[in-house]
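Take a look at the structure set out below.
Bear in mind these aren't lab numbers, they're just calculated from the coordinates by the rules spelled out. What you see is a predicted model, and the numbers here were worked out from it, not measured in a lab. Cβ atoms come from the backbone with ideal geometry, glycine included; neighbour counts cover every protein chain shown.
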2 protein chains.
Amino acid sequence: MDIEQQVAQAKLVCEKRGARFTALREQVFTLLAKHNSAVGAYDLLSELQVIDSSAKPATIYRALDFLNQQGFVHKIESINAFVMCDHFSECNHPVQLLICDDCGYVEEIQSENLDLAIRSMADASGFKIKHQVVEAHGYCAKCQSDKN
Amino acid sequence: MDIEQQVAQAKLVCEKRGARFTALREQVFTLLAKHNSAVGAYDLLSELQVIDSSAKPATIYRALDFLNQQGFVHKIESINAFVMCDHFSECNHPVQLLICDDCGYVEEIQSENLDLAIRSMADASGFKIKHQVVEAHGYCAKCQSDKN
DNA sequence: TAAAAAATGATATAATTTATCTTCACGGTT
DNA sequence: AACCGTGAAGATAAATTATATCATTTTTTA
C-alpha cells in the first residue's frame, strides 16, 4: 500500500469515527509513513519544520498522540520512537514488534499465541490487561547476513 | 526472602562474577528492595540523598545500570521506572511484567509459552532476538475488587 | 448566528537520561 | 610497601524526551 492509499484509508477511518484528520495530522502521518523504520519525535519535528517553520515540540507530540489513539502509529516505549502501524484499519490489536538494533527496522508481528500466553498468565493472577507492550530487540535477517 | 537475605545473595553472586557490589550499589539496591512496586530514578535519588546528600542523577543512574546489568533490577520501559527482579539469582531470563496502572504494583511472570511464541515469530522472519520487553498494563486483582 | 468544543499557536518548563572530565579506591605486580 | 592500571564515584553540564498553560483560531452544534 503506498502512502496516498494509506492517507486515504486513514481519512476514511477517521470520518467513520467522527475524528478529525486535520492538515497538520496528515502532514505528520505522511512524514512518518515515508520512513520504514522507527523515528524519534524530534527528528519528525525537524522534518515538519521544513514544511511548517512554526512547529514546536507540542505540535508533533499532539499529532502523534492523536495518530496513536487512532491506532495509525505505535509508540515504541523502549527506544522512545514512533512507527507506522502495519494494519491500522483493524483497530485495537495487541502491538508486537521486532526491532533491529542495528538498522532500526521494525517489523510488526501478530501472534495469537503470544497474546494468549500473556492473557493466560494475567488471568491466573486475576490481573486485567488493558494494554500490552511487546518489543523484542535484536538483529534483522538482513543485518545478520551483512556481518558475514 | 527479606532484604538482608537479598543483599547477601546479591553479594554472593557478584563475588562469583568478579563484579563489585560497592556500598553505593548496596544502598540503591536496598532502597529499591524496600519498595514492592516500581520506582522512578528521581524518587530513588531523593531517598538516596537522605543518606548521601551529595548524590546526583548520574549517581543513581550508574548504580541502576549496574544492578540492571547484573539482573538484580529491571527497568520498566513503558513507565520509566525500576523494579526489583523476583529471581535475580537465575540470570538472563526473559523479563515479563504485569503492571497495575492504579496502584503501581508489578508482578513478574515467567511464561515459557510467551517466550516461545515470540521466538517462533522471530525465527519465521530470520530475526535474532537479544532482548525482550514485555510489559502488560492493566489492573491487579486487588485494585479491581477495590472498585466494587 | 451564537455558544460550545476541539485544535493549534506560543511560550515555558518539567522530567528523564547521558556525556565528560576529574578524583578516588581497589587489586594485582614488581 | 610503593607503583600502576582499572574501574567507580564525584562534579558539572548538557542533551533528550515530554508536558503544562494560556491565548487564539477553527469547527461543530444548538
**Request:** Considering each residue of segment B:105-143, count those that are in a loop (DSSP other than H, G, I, E, B) and either among the aromatic types (Phe, Trp, Tyr) or at the interface with chain A (Cβ under 7 Å from one of its Cβ atoms) (or both), and give that number.
**Result:** 5
**Prompt:** A:Thr59 versus (1) surrounded by 13 or more Cβ atoms within 10 Å (Cβ to Cβ); (2) within 9 Å of another protein chain (Cβ to nearest Cβ): which is the lone unmet condition?
**Reply:** (2)
**Request:** Check B:Lys128, B:Lys75 and return the single one that is touching a helix residue (DSSP H, G or I) at 6+ places or on another chain (Cβ under 8 Å), under 23 Å from A:Ile76 (Cβ atoms), within 15 Å of DNA strand C (Cβ to nearest atom) and of a type in the set (Lys, Arg).
**Result:** B:Lys75
**Message:** Can you report the number of residues in segment B:62-74 which are surrounded by fewer than 18 Cβ atoms within 10 Å (Cβ to Cβ), over 13 Å from B:Asn92 (Cα atoms) and more than 6 Å from DNA strand D (Cβ to nearest atom)?
**Reply:** 1
**Request:** Residue by residue through segment B:97-136, note down the ones that are over 18 Å from the mean Cα position of the chain (by Cα), buried (at least 20 other Cβ atoms within 10 Å of the Cβ) and β-branched (Val, Ile, Thr).
**Result:** B:Ile118
**Fill in**
If you go through B:Asp43, B:Asp146, B:Asp102, the only one that is more than 28 Å from B:Gly18 (Cβ to Cβ) and more than 14 Å from chain A (Cβ to nearest Cβ) is B:Asp43
